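The values are calculated or read from the model by the stated rules, or taken from the named source; none is laboratory data. Keep in mind it's a predicted model, so treat the numbers as computed, not measured. Neighbour counts are summed over all protein chains in view; Cβ atoms, including those assigned to glycine, are modelled from backbone coordinates with ideal geometry. These accessible areas exclude ligands, DNA and RNA; they are computed on the full protein's heavy atoms, side chains included. Shrake-Rupley method; radii C 1.70, N 1.55, O 1.52, S 1.80 Å.
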Protein chains: 2
Amino acid sequence: MDVHVRIEGRGDRADRIYRQLRDAIRDGRLRRGERLPATRDLAAQLAVSRTTVTVAYERLTAEGYLAARVGAGTYVAASPAGPRRSEARDARTAARPAAVWRSIRDPLWTEPRPIAYDFSVGMPDPALFPIEQWRRLVAGELRGGILRSAHYADPSGLKRLREALARHLGVARSVDATADDILIASGAQQAFDLVGRVLIEPGDVVAVEDPGYPPVRQLFETLGARVVPVPVDEQGIRVDLLPRDARLVYVTPSHQFPTGAVLSLDRRTALLAWASANDAVILEDDYDSEYRFADRPLDPLQSLDREGRVVYVGTFSKTMLPALRLGFLVAPPSLMPALRSAKRLTDWHNDYLTQAAMARFVDSGGFARHVRQATKAYGARQRRIVEQVGALLGDRMHVVPSVAGLHVCVVPVEGSGAFDADRVVDDAAASGVAVQSLGLFTVARPAAEGLLLGFGSIAPDDVPDGLRLLARAIARSAHAQPG
Amino acid sequence: MDVHVRIEGRGDRADRIYRQLRDAIRDGRLRRGERLPATRDLAAQLAVSRTTVTVAYERLTAEGYLAARVGAGTYVAASPAGPRRSEARDARTAARPAAVWRSIRDPLWTEPRPIAYDFSVGMPDPALFPIEQWRRLVAGELRGGILRSAHYADPSGLKRLREALARHLGVARSVDATADDILIASGAQQAFDLVGRVLIEPGDVVAVEDPGYPPVRQLFETLGARVVPVPVDEQGIRVDLLPRDARLVYVTPSHQFPTGAVLSLDRRTALLAWASANDAVILEDDYDSEYRFADRPLDPLQSLDREGRVVYVGTFSKTMLPALRLGFLVAPPSLMPALRSAKRLTDWHNDYLTQAAMARFVDSGGFARHVRQATKAYGARQRRIVEQVGALLGDRMHVVPSVAGLHVCVVPVEGSGAFDADRVVDDAAASGVAVQSLGLFTVARPAAEGLLLGFGSIAPDDVPDGLRLLARAIARSAHAQPG
């Protein structure tokens, strides 16, 4: 054998002999049937004790790399296994995902860069998160032994959180639920996933809003659904345009994402009647309407539903922080066993510590207080934006009326000339202003033109300067157009 | 109109008028077209201010329940919507889950009762959880602002946890991975789910071990797979019996669940060759072999894989606690984009706080130290059990050799007479001893007879008494048999 075994340096010498011989067998430098030096000889050659070599040989023998034959010494017993994994990373042999996943783009994740004027959508202001209270709640639960008491647990989630939520939702959102109707999920996205899994069979039609929320559309596609986008107007989803064979309809009635429209009572009634006539299920996403700046909300579809056809989904991502990964669904009893099974088979249940801390926060009234305070702060930002859009952009753009949430949608005033949202977005970005185009959330082409202005990440005092820069980008875009 | 509006008691009077009228419209006591009393009259009748009634009417009008006609007063504009949801819970109209979910049992969750001698499987000892260190780590991360810095984040998981894990896995488990090859999941179960989602198309064949882990079998069934159980012997899964068309093979090579067998090196090589020849993917579940009591482990399939066909799954549920919901997978680069997309669409990412605390625990060496200490404790329990099974049950049962994990499997000695595991389990339960039957984890019938003895929940000093009671139950079972 011509394998060079080195044992320079420190550390477990038997282990290093073992590894070098093993690697030599694996990559074929030592071949099946070759005889190894006697332990005495290798020990002398390497200037180690014979025991050291024996330990290495014994381990290799125990693992099947070597075999000892009485009177004939020790032989290689295993065959090489081809190139190392790291060398085969792009091999044509590598495993491939199923077809549907090849069409889903995996956006390369980059750490968020600081932006001077950040009007992007969907993130609450971390500065408003009640960090001190949360720290005390988490510390209290850890001291109280929440983790030690926890076995693999109820897939529905921690009972005291569900009880607290049932009370809170009844008062704050007119949602009609007991703790047994609630399932805690890892954010609203997991709630959508669980609903999709228990309802969708490959080829089923699912209706979504257009413009709408892309991660839901993509999710249902990966579950094998045929996803049909349905237009939205100032009263919300066009119920008259729903595909007759839809099994599931996803809507954001309190604050349509992203236009901000509220589903009118007429449409609510029509949607429920439609679902009844077509034996469909409605998935009601109430993602940010806890932040409400004006008149009282319409009752959710969930509380208008008489037939057990509505699943209501809420989240703490906007009222608290997305990093907590805490959301929930309220489902009719007919779906609950399947939803619990889906949660159990997906990830068993949510983590205990966050659930327990949140239960205490909701129960103590701290959560409602926090939402009230944050609503004041966001309301001021929203007013500021509406006012400044009027002042700086009034001749070109107007704000779609909206009374809740963390963003507004601005659209071109009719007859005010050409508007190219993508160009505006790029141009604004170059001036340090992050905005998103409505078209990003639209399937239909040509997409409705418009911009989304989020106020979760921007300081109120930065609003005027940010919008001034945006106004300039819009003006430049108009001048660059032929029309 | 003959609707009785009551406003006794405290609270917002306009709100109570609103609610009573709304409910009357909803349940049909007030019908579309009916005229309401003038605000002045209703105010007088109820002895409230006219403003109070006006506020209620305006809200009902805004929501579409009422309409005002100039000169003709206020009319009901909406129709009733059938019985209240809570009254319709069992209605035949209620939503139903897809067919596959109707076959999955949803075990009713009950709070775990205290058991005198708890040999049940799968739960580590909460008393060994390093609660003080964990408290400090969590508090430190909260102080460090981990939550506030967190936007919707990388679906792969927190980078410093993946980096720490890559180093740890290389040293502790010979897993060949960089941070980019790792994805953090909510426990091993979610890792299985993600792998199943990106690989399985409806009708695909998936091979699992038998006896094996039921939640994985059920999960793959709900994903539309045809799940084929493959027998296990003392060398692990019978590679020669794998179905030729399997797309995915799920195995527990380090410590077969539940028999405890180790997949031999020959079988490992054969399994990898089989996967290569059949273009299949291997899902390697290494759920508890960090607790190792004897000789060094064989290398995982992941590090023997040259073709990028193995996905390795690990978890902190056994080394730390299931309540943390923290696990991970190591996948070939060809699957990573799809797995990241699946994670993103399923629940975006894991919660930040737990990931950050764990990153620090692994990086500081605290985790490795904890595992070493816990291994000593569990090793002592395992020895105690093996020794006592020999002493108390040696003529009837023997322990399947096992060098890792948190449970052992005991099977009847050949020729020692009849043995009815289910009867033993029931009988033992009546004496305060919790054990599980091997048959519970077996698909093939008749199931292999045997019992599982977990040592995550039992105090070492309770082992002899518990096994004495178990021995009596076994003796009674034998006498009750005809043979």
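Of all the residues in segment B:176-210, those that are of a type in the set (Val, Ile, Thr) and facing another protein chain (nearest Cβ under 10 Å) number 4. Every test in (1) crowded, with 24+ Cβ neighbours inside 10 Å; (2) under 22 Å from the mean Cα position of the chain (by Cα); (3) under 29 Å from residue A:99 (Cβ atoms) is passed by residue B:326 save one, and that test is (3). Return the residue satisfying two criteria in turn: it lies in segment B:216-228 and is closer than 22 Å to residue B:271 by Cβ and of a type outside the set (A, V, I, L, M, F, W, C), and of such residues it is surrounded by the most Cβ atoms within 10 Å (Cβ to Cβ). This residue is B:217. Within segment A:325-348, the set of residues being more than 20 Å from residue B:189 (Cα to Cα) and within 7 Å of chain B (Cβ to nearest Cβ) comprises A:332, A:333, A:334, A:335.
Tallying residues that are open to solvent by less than 10 Å² (accessible area, probe 1.4 Å), in contact with a Pro (Cβ under 9 Å, 6 or more places away or on another chain), within 20 Å of residue B:271 (Cα to Cα) and not aromatic (Phe, Trp, Tyr) within segment B:174-204 yields 2.
Determine if segment A:301-320 includes at least one residue that is among the hydroxyl-bearing types (Ser, Thr, Tyr), assigned to a helix (DSSP H, G or I) and either surrounded by fewer than 24 Cβ atoms within 10 Å (Cβ to Cβ) or more than 7 Å from every other protein chain (Cβ to nearest Cβ) (or both). So far as segment A:301-320 goes, yes, one or more of its residues are among the hydroxyl-bearing types (Ser, Thr, Tyr), assigned to a helix (DSSP H, G or I) and either surrounded by fewer than 24 Cβ atoms within 10 Å (Cβ to Cβ) or more than 7 Å from every other protein chain (Cβ to nearest Cβ) (or both). The listed residues are A:175, A:230, A:249, and the only one of them that is within 13 Å of residue A:314 (Cα to Cα) and either part of a strand (DSSP E or B) or modelled with pLDDT under 95 (or both) turns out to be A:175. Just one of the listed residues (B:153, B:188, B:207) is under 29 Å from residue B:366 (Cβ atoms), in contact with a Phe, Trp or Tyr (Cβ under 8 Å, 6 or more places away or on another chain) and modelled with pLDDT of 95 or more, namely B:188. From the list B:224, B:203, B:260, the one residue that fits, being under 21 Å from residue B:443 (Cα atoms), part of a loop (DSSP other than H, G, I, E, B) and free of Cβ contacts under 8 Å to residues at least 24 places away in the same chain, is B:203. Restricting segment A:346-369 to residues that are over 22 Å from the mean Cα position of the chain (by Cα) and open to solvent by 10 Å² or more (accessible area, probe 1.4 Å), which is nearest to residue B:354 (Cα to Cα)? Step by step, filter segment A:346-369, then rank; the result is A:360.
Of all the residues in segment A:153-171, those that are on the phi < 0 side of the Ramachandran plot, crowded, with 17+ Cβ neighbours inside 10 Å and either in a helix (DSSP H, G or I) or not polar (S, T, N, Q) (or both) number 13. Exactly one residue among B:415, B:456 is under 27 Å from residue B:290 (Cβ atoms) and part of a loop (DSSP other than H, G, I, E, B), and that residue is B:456. Looking only at residues in segment A:101-139 that are among the β-branched types (Val, Ile, Thr) and surrounded by fewer than 18 Cβ atoms within 10 Å (Cβ to Cβ), which one is farthest from the other protein chains (Cβ to nearest Cβ)? For segment A:101-139, the residue satisfying everything is A:115. Does segment B:361-368 include one or more residues that are under 30 Å from residue A:93 (Cβ atoms) and out of contact with any Gly (no Cβ under 9 Å at 6 or more places or on another chain)? Taking every residue of segment B:361-368 in turn, none turns out to be under 30 Å from residue A:93 (Cβ atoms) and out of contact with any Gly (no Cβ under 9 Å at 6 or more places or on another chain). Scanning segment B:244-286 for residues that are open to solvent by 30 Å² or more (accessible area, probe 1.4 Å) and farther than 22 Å from residue A:26 by Cβ yields B:244, B:245, B:247, B:278, B:279. Residue check: residue B:473 meets all listed conditions (1) open to solvent by 40 Å² or more (accessible area, probe 1.4 Å); (2) in a helix (DSSP H, G or I); (3) more than 30 Å from residue B:254 (Cα to Cα); (4) touching a residue at least 40 places away in the same chain (Cβ under 8 Å) but one, namely (1). Filtering segment B:68-81 to residues that are open to solvent by less than 40 Å² (accessible area, probe 1.4 Å), small (Gly, Ala, Ser) and within 14 Å of another protein chain (Cβ to nearest Cβ) leaves B:77, B:78.
Among the numbered conditions (1) farther than 29 Å from residue A:96 by Cα; (2) facing chain A (nearest Cβ under 9 Å), the only one that residue B:364 does not meet is (2).
Out of curiosity, is residue A:310 touching a residue at least 40 places away in the same chain (Cβ under 8 Å), closer than 15 Å to residue A:330 by Cβ and outside the structural domain of residue A:456 (by TED's automatic domain parsing)? It is false that residue A:310 is touching a residue at least 40 places away in the same chain (Cβ under 8 Å), closer than 15 Å to residue A:330 by Cβ and outside the structural domain of residue A:456 (by TED's automatic domain parsing). Filtering segment B:22-62 to residues that are among the hydrophobic types (A, V, I, L, M, F, W, C) and open to solvent by 40 Å² or more (accessible area, probe 1.4 Å) leaves B:38, B:44, B:47, B:55, B:62. Please verify whether residue B:156 is facing chain A (nearest Cβ under 10 Å), touching a residue at least 40 places away in the same chain (Cβ under 8 Å) and touching an Asp or Glu at 6+ places or on another chain (Cβ under 9 Å), treating the condition exactly as stated. In short, yes. Within segment A:214-235, being among the aliphatic types (A, V, I, L, M), touching a Leu at 6+ places or on another chain (Cβ under 8 Å) and facing chain B (nearest Cβ under 10 Å) holds for one residue alone: A:219.
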